[in-house]
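Comments concern the structure below.
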Amino acid sequence: MATWQITGQYMETCNCAFLCPCIPSNLAARPTEGDCKAAITMRIDKGAKDGIKLDGLSFVVMMHSPGAMGEGNITVGLIVDDAATEHQVEAISAIATGSAGGPMAALAPLVGRIAGVERRPIRFEIEGLNRSMRAGELLDQACEGVASVADPNQAICIDNTAHPVNSRLSLAKAKRSSFHVFGIDWDDATGTRNGHFAPFAWTG
């Protein structure tokens, strides 16, 4: 029996050139810059863990992989919406690190270091194929879906992936990424870097 479930919207940007080689290689390929810096942002629209409601809260899983993700030694840090109570932060931390089971538990063996938890106001916005997110001074990211000629209102997707958030991801280009947290530093606004977005539904 599930002890928690969350549903909502996700976006991410990373320092890889579009299209990030991690997804089509099942995490085996070397990132385009040699290492990978990524911000995986999750907006919980509805959810609860052990009776603690998590509706309306957002969190970010910051990741740094020194080489191919499948080789492990990944540093992971967590930014949680400062609107969350201590109990909500504990619940989100357990979900985000995989200690409470669920999709992130599969990634846990690849994690070499947990860098900690920061709390900031998080604003996650959606407009058409655009996604943007800001977490105080620590993180500012935006991406735009790659529109399909078949239906310009929908992004091209890649399906049946090993990504922990969703097996089906919309392809996007990062419009901007500014990461300055947990020793992960990256600034880019070239429009050439990788992004993804998708709805998510997790249980554990």
Heavy atoms only, probe 1.4 angstrom, no DNA, RNA or ligands counted: give me GLU125, GLU118 ranked by accessible area, highest first. GLU125, GLU118
Rolling a 1.4 angstrom probe over the protein chains, ignoring ligands and nucleic acids, what is the accessible area of GLU127 in square angstrom, nearest 10? 140
So, relative contact order of the chain in percent, Cα under 8 Å, 6 or more apart, is 24
Whole-number accessible area per residue in Å² for region 17-161, which is evaluated in the context of all protein chains at 1.4 Å: 45
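For the chain, give the percent of accessible area contributed by carbon and sulfur heavy atoms, probe 1.4 Å, rounded to a whole number.
51
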If you look at just the Cα atoms of region 92-175, how large are its Rg and its Dmax in Å? 15.6, 43
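What order do you get for 174-186, 152-164 when each peptide is scored by the mean count of other beta carbon atoms within 10 Å, highest first?
Details: 174-186: 18.8, 152-164: 14.2.
Per-residue mean Cβ counts within 10 Å order the peptides as 174-186, 152-164.
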Gaussian network model of the chain, springs between alpha carbon atoms under 10 Å - residue of GLY128, GLY101, GLY70 with greatest fluctuation: GLY128
Roughly speaking, what is the centre-to-centre gap between region 3-19 and region 125-192 when only Cα atoms are used, to the nearest Å? 8
Could you give the length gained on full extension between ALA2 and ALA189, defined as 0.36 nm per residue of separation minus the Cα-Cα distance, in nm? 63.2 nm
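The values are calculated or read from the model by the stated rules, or taken from the named source; none is laboratory data. This one's a predicted model, so the numbers in the text were calculated from it and none came from an experiment. Note that each Cβ is placed from the backbone with ideal geometry, even for glycine, and that neighbours are counted across all protein chains shown. Ligands, DNA and RNA are excluded from the accessible area calculation, which covers all protein heavy atoms including side chains. Shrake-Rupley method; radii C 1.70, N 1.55, O 1.52, S 1.80 Å.
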